[in-house]
Amino acid sequence: MTQSTPQLSFVSADAVRDVLNWKAVIDGLKAAYSLPHGPRVSPPRTLALEDKSWLRSLIAIPPGARFMGGKLFGAGASPAFNYLITLAEQDTGAIRAFVDGAFVTSFRTASTSAAALDHIADDEPLTLGLIGSGQEAMAHAQAINAIRPIREVRVYSPTPASRERFAKTFTDETGVPVVPCATPQDAVRPATVVVAAARSRDESPILYGDWLDNAKVVVSIGSTVPSQREIDVSVVDACDFIVCDVLEEVLHETGDMIAAREAGLEFDHKAVSLNALLMGQAEDQLKAAKLPMFKSVGAGIQDVVCAEMVYRLAEEAGKLIPLPIEFYTKS
């Protein structure tokens, strides 16, 4: 016996940019991480590899949400990155929508960092030090600006034109003054919040512990697999409280933490999950911390929570694109 499936829809990248706003995504992720997560709510990513091709998937069933789903993306020898997020109804399993996940990825990464930062950082104006001037760096500056007043942004990129472009774009958009810096040290040393949102081409660290003169919080997002490096082991050593979006992946499957472990550092005792933090289970550690860090690898729950919000807002704005297809459905 078969039955017809609900209308399938597509949400384009343009629609994602039109309907999403930072505060809504940040609040949505804070709510999602404040609920208890079972061990399989957002399982570790899977990665398929063959020669020069790879394919990665992240799936999740967010508690209390309408949808479950997953993100699929990959590349071949000549990379052309597309990100597909599929949303299915939790109560029936019926696939309801396909979402272009390119901008969802930046939104959810920066918004997750901001959700953590909102709980970790003092409620005061900050000086933001950015290493990186690309899409992820810009997204983090925008997301942080949505939760805290920023006195000044200091940005470093090895390409002068890139940091100048970043400075003009962000200041024109927000009115916040931006100082393009010729060295990463100049961007980091005066900063109270430091965000590492880039990696060097040879995977050598881009942030060192002895640069953190005024830092009150560090955010690191660029080392997500064993082969990648972003922060030096001295940063791991300097930070006395480490919040991880996916605890086991951050601690055991990122190049930064693998290098720190190989250097003889012990840090498991000072690490907690973002879920535990936002459920109020690490308040004593947080109060005692002098330099906390949020370290992220990305998770399916972030993609699905953000994509569900995209679907709802796009539906309200009349931006869903009906698809002239129908799945064969078993019942």
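The values are calculated or read from the model by the stated rules, or taken from the named source; none is laboratory data. Keep in mind that this is a model prediction, so the values were computed, not measured. Counting neighbours? That spans all protein chains shown, and the Cβs are built from the backbone with ideal geometry, glycine included. Keep in mind that these areas ignore ligands, DNA and RNA; they rest on the heavy atoms of the full protein, side chains included. Shrake-Rupley method; radii C 1.70, N 1.55, O 1.52, S 1.80 Å.
Sparsely packed loop sites in segment 282-331 (the GluC sites (Glu not before Pro) outside DSSP H, G, I, E and B with at most 11 other Cβ atoms within 10 Å) comprise GLU326. Taking a Cβ cut-off of under 14 Å around GLN142, the surrounding Lys, Arg, Asp and Glu residues balance to a net charge of +1, with basic ones at +1 and acidic ones at -1.
Would you mind working out the magnitude of the charge dipole of the chain relative to its Cα centre, with +1 at each Lys and Arg C-beta and -1 at each Asp and Glu C-beta, to the nearest 20 Debye?
For this selection, approximately 480 debye.
Taking the longest Cα principal axis of the chain as reference, the axis of helix 135-147 is set at about 90 degrees. Report summary: the helix-based calculation at 222 nm, which adds -39500 (n - 2.57) for every DSSP H run with n ≥ 4 and divides by the residues of the chain, gives -10500 deg cm²/dmol. Note on ILE131: accessible area approximately 10 square angstrom, rounded to 10, probe 1.4 Å, nucleic acids and ligands left out. With respect to the chain, whose longest principal axis is taken over its alpha-carbon atoms, helix 102-120 is tilted by about 50°.
A simple spin-label model places pseudo-atoms 7 Å from Cα toward Cβ; at THR329 and THR92 they are separated by 0.3 nm. Taking trypsin sites (Lys or Arg not before Pro) as exposed when their DSSP state is a loop state and no more than 16 other Cβ atoms lie within 10 Å, the longest site-free interval of the chain runs over 67-200. Taking only the Cα atoms of segment 35-79, the radius of gyration and Dmax are 13.8, 41 Å. Let me know the whole percent of all Cα-Cα pairs from the chain that are separated by more than 25 Å. Summing the P(r) of the chain above 25 Å gives 51 percent of all pairs.
Within the shell of other residues whose beta carbon sits under 10 angstrom from the beta carbon of GLY209, the net charge comes to -3, with Lys and Arg scored +1 and Asp and Glu -1.
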